[in-house]
Amino acid sequence: MRVLIVDDHPVVVTGCRALFTSDPSVEILEASDAKEGHRAYLQKHPDATVIDVWLPDLTGFELTRRIRRDDPAAKIVMLSASEDPAFVVRAVEMGIQGYVSKSDDPRLLAKAIRKVAAGERFVSPRLAEATTFAGAAIKASPLTQMSPRELEILRLLGRGDRISEVASELGISYKTVANTTSVLKSKLGARNHSDLVRIAVEIDLHR
């Protein structure tokens, strides 16, 4: 089994390797950001890919969107320091097969990887329970109202990037970013650019 870990924290990659040291049939590949992870996926075609929600260059959701664009059958486990149920729902809606928190028992990550590689689904039991009882909060969360691309644009705006910088970072046109910004204002009830930045900060997207 070939497993790709996309995370910029060396301790996470080291921990993943340790989980499978006794199983010589498991090969661990690693990437420290989304662009490197995307290249590694296309080159190595792993059986399962573990993606951190927060990467230095793009969100894990945007990386997932890009991988799925090239390989709709990609098997992905989302690994997150955030335990916001809205993130879990967003992941499930995107078809991500696994979701584990970084604060979970590491053995749950190993279990998630094996299950997802085998074509099954796995969500940390603790997160699954929290999500079940967070219906109203999830519906009210801006995270569930946005596509992966909209989420990524809002993150970059929240970081302080100008529209031209967002376009350059994502490799899309200025007009596309400007139009998406208008859509975001409408979806999120933002009156202006400053409101969008505030919303990004409030939902902890400004990284």
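Against the test of being aromatic (Phe, Trp, Tyr), touching a helix residue (DSSP H, G or I) at 6+ places or on another chain (Cβ under 6 Å) and closer than 23 Å to Ile153 by Cα, the options Phe61, Phe122, Phe87 yield a single qualifying residue, Phe61. Screening Val123 with (1) at pLDDT 90 or above; (2) more than 16 Å from the chain's Cα centre (by Cα) gives one miss only, at (2). Scanning the stretch 47-61 for residues that are buried (at least 22 other Cβ atoms within 10 Å of the Cβ) and out of contact with any strand residue (DSSP E or B) (no Cβ under 6 Å at 6 or more places or on another chain) gives Leu55, Leu58, Thr59, Phe61. Do we have any residue at all in the stretch 52-64 that's farther than 28 Å from Gly160 by Cα and either among the charged types (D, E, K, R) or outside the structural domain of Ser124 (by TED's automatic domain parsing) (or both)? Among the residues of the stretch 52-64, not one is farther than 28 Å from Gly160 by Cα and either among the charged types (D, E, K, R) or outside the structural domain of Ser124 (by TED's automatic domain parsing) (or both), which makes the answer no. Taking the numbered list (1) more than 23 Å from Val53 (Cα to Cα); (2) in a helix (DSSP H, G or I); (3) among the charged types (D, E, K, R) in turn, Arg191 passes all entries but (2).
Look at (1) at pLDDT below 90; (2) surrounded by fewer than 17 Cβ atoms within 10 Å (Cβ to Cβ); (3) farther than 17 Å from Ser147 by Cβ and you find that Lys44 fails only one, number (1).
Taking the stretch 35-53 as the range and being in contact (Cβ under 8 Å) with a residue 60 or more places away in the chain and under 16 Å from the mean Cα position of the chain (by Cα) as the test, the residues that pass are Ala48, Val50.
Taking the stated definitions as given, is Gly158 touching a His at 6+ places or on another chain (Cβ under 9 Å) and either surrounded by fewer than 19 Cβ atoms within 10 Å (Cβ to Cβ) or in contact (Cβ under 8 Å) with a residue 24 or more places away in the chain (or both)? Taking the combined requirement at face value, the residue satisfies it. If you go through the stretch 11-34 one residue at a time, do you hit one that is crowded, with 17+ Cβ neighbours inside 10 Å, touching a residue at least 60 places away in the same chain (Cβ under 8 Å), in contact with a strand residue (DSSP E or B) (Cβ under 7 Å, 6 or more places away or on another chain) and under 23 Å from Pro148 (Cα atoms)? No: the stretch 11-34 contains no residue that is crowded, with 17+ Cβ neighbours inside 10 Å, touching a residue at least 60 places away in the same chain (Cβ under 8 Å), in contact with a strand residue (DSSP E or B) (Cβ under 7 Å, 6 or more places away or on another chain) and under 23 Å from Pro148 (Cα atoms). Note on the stretch 85-108: residues that are assigned to a loop (DSSP other than H, G, I, E, B) and touching a residue at least 12 places away in the same chain (Cβ under 8 Å) total 7.
Scanning the stretch 156-170 turns up no residue that is in the same structural domain as Lys35 (by TED's automatic domain parsing), modelled with pLDDT of 90 or more and part of a helix (DSSP H, G or I). Taken over the stretch 171-188, the criterion of being surrounded by 13 or more Cβ atoms within 10 Å (Cβ to Cβ) and assigned to a loop (DSSP other than H, G, I, E, B) is satisfied by Ile172 alone. Counting only strands (runs of 3 or more DSSP E) that sit wholly inside the stretch 1-73, those with at least 3 residues that are out of contact with any Ser or Thr (no Cβ under 7 Å at 6 or more places or on another chain) and aliphatic (A, V, I, L, M) are 27-31.
The values are calculated or read from the model by the stated rules, or taken from the named source; none is laboratory data. Bear in mind that the values here come from a model prediction, so they are computed numbers and not experimental data. Note that we place each Cβ from the backbone using ideal geometry, even for glycine, and neighbour counts take in every protein chain shown.
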